[in-house]
1. In degrees from 0 to 90, rounded to the nearest 10, what is the angle of the helix A:468-478 Cα long axis to the longest principal axis of chain A?
2. Separation of the stretch A:282-332 and the stretch A:98-139 by C-alpha centroid, Å?
3. In this model, which of A:301/A:322; B:4/B:45; A:373/A:566; A:503/A:535 are farther than 28 Å apart at the alpha-carbon?
4. Would you please state the base-10 log of I(q)/I(0) at q = 0.07, 0.09, 0.10 1/Å for chain A, with intensities from the Debye formula using one equal scatterer on every alpha carbon?
5. Say R0 is 45 Å: what FRET efficiency, to the nearest 0.05, do residue A:159 and residue A:196 get from their beta-carbon distance?
6. For the stretch B:6-121, report the convex hull volume of the alpha-carbon atoms normalised per residue, in Å³, without decimals.
7. Check the straight Cα-Cα distances from residue A:157 and name the aspartates and glutamates below 12 Å, setting aside those fewer than 8 residues away within the same chain.
8. If I model a spin label as a point 7 Å beyond the Cα along the Cα-Cβ vector, how far apart are those points for residue A:319 and residue B:26 in nm?
Amino acid sequence: MQNKAEQYNIEYVKEEVINTSLVVASLVGGLAYFVTLFSRLQSGSFNFSMGFETFALLSLLIVTIRRKSMGNTPKAALMVSLILFLSLSDVFFYGILSTARVYLILVPLYAIIYFPFVRSLILFLVSICVFIIIGYFHHLEILQLPKGYETISHSLKISTWIINAIHILSVGLIILYVTRKVFKAFSGLILDLELQNTRISESERNYREIFNSTTEAIFIHDANSGYVYDVNDAMLRIYGVGSKEDACKLSIADLSAENNSDTQRKAQSLIREAVKEGTQVFEWSSARKNGELFYSEISLKSTEIGGEGRVLAVVRDITERKQTALELEKYRNSLEMLVKERTEELETTNEELQATNEEIYNHKEELQTALTKLQSTQQQLVQSEKMATLGVLAAGVAHEINNPLNFIHGGVTALEKYIKDSAAEHLKELSPLVEIINTGVSRAVGIVEGLSHYSRSDELQKVIDCNIHKIIDNCLLMLDNKIKKRIVVDRKYSIKLTLVSCKEGKMHQAFLNILTNAVQAIEGEGTITITTSQKNRTLIVAVTDSGCGISKQNISKITDPFFTTKDPGKGTGLGLSITQNIIEEHNGKIIFDSEPGVGTTVTVRLPLNG
Amino acid sequence: MSKKTSVLYVDDEPINLKLFELNLVNIFNITTASSGFEGLEILKKNPDIPVVVSDMRMPKMNGLEFIAKAKKEFPNTVFYILTGYDINEQIADALNDRLINKYFRKPLNYKEIETAIIELML
């Protein structure tokens, strides 16, 4: 490169030309000198020109030897001087017969190479003038040819000299002109080249500037080997590498987090992919020279620089971004964890709440059940308390009413007797009235008797084992006059023994009431079915009648004292109330089922004996 | 019937005494007392009264207390008691102890008493 550039340098060319000319001139000059010397020695004709020639040759030799250390201008000046001296001295001695006069042509050639054009032109013109002057001296024969040279008239003519001068002049001018032109063109070319060169280097400098001024590290890799070919300043800065030369010695693995052959292979395969498939962008774990790691984003792009396949790697330090992303990721993860935790907590709480809720619900249900039980117990308590109070009250009232009733009854009995004995004539009128009073008394007596059953005083009946079938049969017997010819009684008794611990009298009364109601419910003909069965040590007696039934409004009130639907005088409204009391007193239960118009079933449950 | 049976009736209620007398005077020889104490007095004076009917409920001394005392002194006398209630423990015990022969429910059925006493005297 350096040599080439020198070859294109005009000064270099000029120097080469002058040096070569000096060498050639020395050789030729030397040869000519010795030939001349030899001929002179033979003829013995020495003149002072020989001295000039010797001087000239010596100075030429000296300059030739020392040509390398001398400037072009003195060398050229010597060269031109020698040419002038050689040619003009020859002309001086040999006139028109001079052979060296043609060397005058070389004057403008050398002059134009080393001197400015005008100076060269003047020098040449002066040389031509000197030539003509010498010719004039020959014409005037002031100058004589050396001995042995025949003077011919032609050579003395001034015109011959002038023609010679013109020829030399024209050839010299042509050379001057052409050389000048060539030089001009050459230097123009050189200038142009230099200009282009400047432009190119400028642009290259610009590119390099751009190349170096990026914040991203740029590697230029060899497309084939993957070796680092060039890097920019940013790369040095980022990787902490001292110089680009150092950088070019590093492998990709050296600059990666994991410095091993795998990393290198991977990097090279990525470079190949970039060549084959176009730009590759990826993230890379890089390492600085001092071992510090950083995250980078690398974009690989295949390109051609200086006709060679290159891959441009632009490396951006994304550590911060990455860290932010990682941090974000971490936050996100922890947030997710947090959310998950919270969700789990919430779920647990929810489950707990649900469990609690269920518990509460269960408690509520239990409470509800308990409340219901409590309410019914309370009702029962109230009822039994009511009944107890009522019982005591009723018994007291009954007793108190007994006396006044006794008065009436006794009074009427006495009156009746008196009428029979002493006022028989009024008997017809009075006996219905007495009858009415007696009816009233007997009804009142019935009520009082009924009420007296509530009294605790009669709880003292003996508890004995009773056969319920027997009791029912007794009751039916008592009611026989109300049943016969009208009602069919169907006894569906259990085969097993039905012994119940009870107060016989009370149990009679209870069943008598039930059966009386059944009988009274039947208007005209009907059926009473009595079924007994046993279940879990409980006796179940069901009395079903085909009577008028009990309406829904009434069925809940039938055990209330004094509630009755019967005609006045037929019932006190105490029967079922007393019956219920008796059954419950025996730890039993009485249930009423009825459908108006179809009939009623009274079910009595009593604990079996034993 | 040669002679009417004497019957002592004890009741704190004068109307009852009156009615008892009115209704049974033709059949029995009725003596009345308005308390147990008075009844005992009468029995002491007339120890030959064979039948005593007493109300149960009376102030200070009830029917059974009166009968219990009287029976001690006059073990051969027959006692009946009247009660507004159904049979109770005291009466049941009195029946068992043969302190009383029978009990009658109030209001009195004079016919029942009449029959019971007549049957007793036969």
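The values are calculated or read from the model by the stated rules, or taken from the named source; none is laboratory data. Just so it is clear, the structure is predicted and the values come from calculations on it, not from any experiment. With ideal geometry, Cβ positions are generated from the backbone for all residues, glycine too; neighbour counts draw on all protein chains shown. The area values use the complete protein model at the heavy-atom level, side chains included, leaving out ligands, DNA and RNA. Shrake-Rupley method; radii C 1.70, N 1.55, O 1.52, S 1.80 Å.
1. With rounding to tens, the tilt is 50 degrees.
2. Computed from Cα coordinates, the inter-centre distance equals 75 Å.
3. Result: A:373/A:566 exceed 28 Å.
4. Each listed q maps to, in turn, -0.77, -0.96, -1.03.
5. Between residue A:159 and residue A:196 the formula returns 0.25.
6. Enclosed volume per residue, from the Cα hull, is 91 Å³.
7. Excluding near neighbours in sequence, the set is A:141.
8. Between residue A:319 and residue B:26, the simple spin-label model gives 14.5 nm.
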